[in-house]
Structures are given as C-alpha cells and as structure tokens.
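The values are calculated or read from the model by the stated rules, or taken from the named source; none is laboratory data. Computed from a predicted model, the values in this text were never measured in an experiment. Here the Cβ is made from the backbone with ideal geometry for all residues, glycine too, and neighbour counts use every protein chain on show. All accessible areas refer to the heavy atoms of the entire protein, side chains included, with ligands and DNA or RNA removed. Shrake-Rupley method; radii C 1.70, N 1.55, O 1.52, S 1.80 Å.
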Amino acid sequence: MTSYLEKVDFRLPTGLEGRDQYHICCKPGDVAPAVLVPGDQGRVGKIVAMLDGAEKKAENRGMITYTGTYKGWPVSVTSTGMGGPSAAIAYEELINVGAKLLIRVGSMAGLQPEVREGDVVIAYACVRDDGASQYYVQQNYPAVASPDVVQALVQSARELSIPVHVGINWSHSCFYSRSPEYFQAWARKRVTSMEMEGAALFVVGALRGVHCGLIGTCFANRGLQSQQDVVDLSVPRIDREVIERGVRNSIKIALEAVVKAYTGGLIC
C-alpha cells in the first residue's frame, strides 16, 4: 500500500465544502440532498423528463446538472462522464455542495447468461478495477453500496413489478479489451454485470459518509460475447425499444428509492 494513503483521514473536511465547485460549476443551494448520477449526458434529459419544475443549474466539461422535484421531494441529476476518474470528481464535488445520497443510473454489460439486453441490474458491491478507487484506499478496502439504498431500490422494483438482477458488479477500466479471459475470469466467479463508475461511487460515498447506490440497464452481454476465441466487442443500437424501456425502468426505480430515502429518514 502506498504510504501516503495510510495517513489520509477522511473524517476531516476537504476545505472545499460549501464553495463553488471547479468542475461541476455548482454552488451551495444548486444541488438537492438526493442526486442521480448517470454517466451519459444524454440520460440527463430522460431523468429530467420525470421531474417537476426542473431547472438547469450548470454545464461544464460534460457535467450537466438539473434540480427539480419528484413527488414533491427535491432531486438533482448530474452527468459524470465515463470512467471512475471523471465520475469521482463529480461525486466529490456534489458532496461538497450538499449531496447526501448519490444513486448512479448507468449502462452495464451482463456477465451471466440470464442478464439480457434491456434487463435492470442492482449492484450491492463492486469489484474494484476502476482506476480511481485505488488512489483513495488500499485494495482490500471493500466497495459496497449503502444497505438502506439497496433495500430501497429492490423494494421499489418489486412495487413497480419490474424484474431486476441483484448481485456483484465489476467496475473495470478497458471497454475494448480483446481478451476473452478479461471477461470470462469474472463471469466464472458469478459476477453479475460490469461497468466503469460504480466502485468509485461506493468508495467515495463510504469515505465521505454519504449514502450511495447503483442501478443500471444491460446494453449488451459481454459474458456471452466472449465465449469464443475472439471477443465480439459490438454493442447493438441503443435506441431500440428494449434498451429504452430498461433505461426508463431504472430511472423510475431510482426515483422511487429516493422517495423512500426521504420518507424513511435516510436523508433530510
């Protein structure tokens, strides 16, 4: 373990709390206590469409922030970009201006054969292979979601009658790996899905003392695509109805979980 990591006390403030933030360009009051954090800027509009009275607060470097309400409860959405390093910046700065709950609404690839395109996945933990969390803490520090948030997501899915897969997610760093073993190694360990930003969210959230969760839609199944000698690296058209329906479902579940977080006293 790098010696400097041993000396960092994450119970102490960063010194940037309550100030205008450099990358997301938000200030105190711009962001609700509950924030949905998709990677894709295009997903921001789909979330905003389900909010009431949403107002654009900032846009900088692809990080777009809106704040509105859902069923009367304040909710923000901020796009984080792709990969752990970019996402971690957004997570940190959102926390600096008052975020208490971060739920990533992302895109994923399946690793188990039952995770089909358009399916919704809820992750309760992540394999830390993301390229960002290793610079926060040693590798044996876990990347786990907040139990109350996982429960709220699962319960919301059940109430909406939306089937979901619940399992471990692999946050990785090489989208276009050509090695079948790159994907199969974790598939054999029953890891459910893969994406690039969840582990950073879970680690930053735990270190900064905020609640966090991860829900996503399967866009392709890399487990199935890597069963031959050559990996099929394609991703089918993302505007297909099966994918769009999955994205809508994941957003609905996340927003209902936010309501549960407010009404259950998890955030205030």
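How big is the accessible area of VAL127 in square angstrom, nearest 10, if you roll a 1.4 angstrom probe over the protein chains?
Around 30 Å² of this residue is reachable by solvent.
Please state, as a whole number in µm²/s, the translational diffusion coefficient that the Stokes-Einstein equation yields for the range 1-149 at 20 °C and 1.002 mPa s, with Rh defined as the Kirkwood radius across alpha carbon pairs.
The estimated diffusion coefficient comes to 129 µm²/s.
Round to the nearest 10 and report in Å² the accessible area of ASP20, as given by a 1.4 Å probe over the protein chains' heavy atoms.
120
Would you kindly derive the ³J(HN,Hα) couplings of the range 167-175 from the backbone phi angles with the Karplus curve 6.51 cos²θ - 1.76 cosθ + 1.60 (θ = phi - 60°), listing them in order in whole Hz, with x for Gly and Pro?
Whole-Hz 3J(HN,Hα) from phi for the range 167-175: x, 8, 10, 9, 8, 10, 9, 9, 4.
Determine the sum of side-chain charges near GLY106: Lys and Arg each +1, Asp and Glu each -1, restricted to other residues whose C-beta is under 10 angstrom from that of GLY106.
-1
Quick one: net charge around ALA187, please, counting Lys, Arg +1 and Asp, Glu -1 for every other residue with C-beta under 11 Å from its C-beta.
Surrounding charge for ALA187 is +3.
If you find the alpha carbon centre of the range 20-74 and of the range 246-268, how far apart are they in angstrom?
15
Please arrange SER146, SER234 by accessible surface area, largest first, computed with a 1.4 Å probe and ligands excluded.
Descending order: SER234, SER146.
So how many Å³ per residue does the convex hull of the Cα atoms of the range 193-254 work out to?
Spelled out: Cα convex hull of the range 193-254, divided by residues, is 96 Å³.
Work out from phi, with θ = phi - 60° and the Karplus expression 6.51 cos²θ - 1.76 cosθ + 1.60, the ³J(HN,Hα) of each residue of the range 31-44, listed in order in whole Hz, and give x for Gly and Pro.
So the J values, rounded to whole Hz, are 10, 6, x, 10, 10, 8, 10, x, x, 6, 4, x, 7, 4.
Ignoring ligands, DNA and RNA, how do HIS165, HIS172 rank by accessible area with a 1.4 Å probe, largest first?
Descending order: HIS165, HIS172.
Working out 0.36 nm times the residue gap between LEU5 and LYS71, then minus their Cα-Cα distance, what length gain in nm do you get to one decimal?
Length gained between LEU5 and LYS71: 19.6 nm.
Hey, any idea what % of the chain's accessible area is carbon plus sulfur with a 1.4 Å probe?
Carbon with sulfur: 53 percent of the solvent-accessible area.
Just tell me which aspartates and glutamates come within less than 20 Å, Cα to Cα, of LYS7; anything on the same chain fewer than 8 places away is out.
Answer for LYS7, where 20 Å is the Cα cut-off: GLU92, listed by chain and number.
So what does ILE47 come to for accessible area, using a 1.4 Å probe and Å² rounded to 10?
Its heavy atoms expose roughly 0 Å² to the probe.
Net charge near TRP170, counting Lys/Arg +1 and Asp/Glu -1 over other residues with Cβ under 13 Å of its Cβ?
With Lys, Arg at +1 and Asp, Glu at -1, the neighbours total +1.
So which trypsin sites (Lys or Arg not before Pro) in the range 117-205 are both in a DSSP loop and have at most 16 other Cβ atoms within 10 Å of their Cβ?
ARG178, ARG188, LYS189, ARG190
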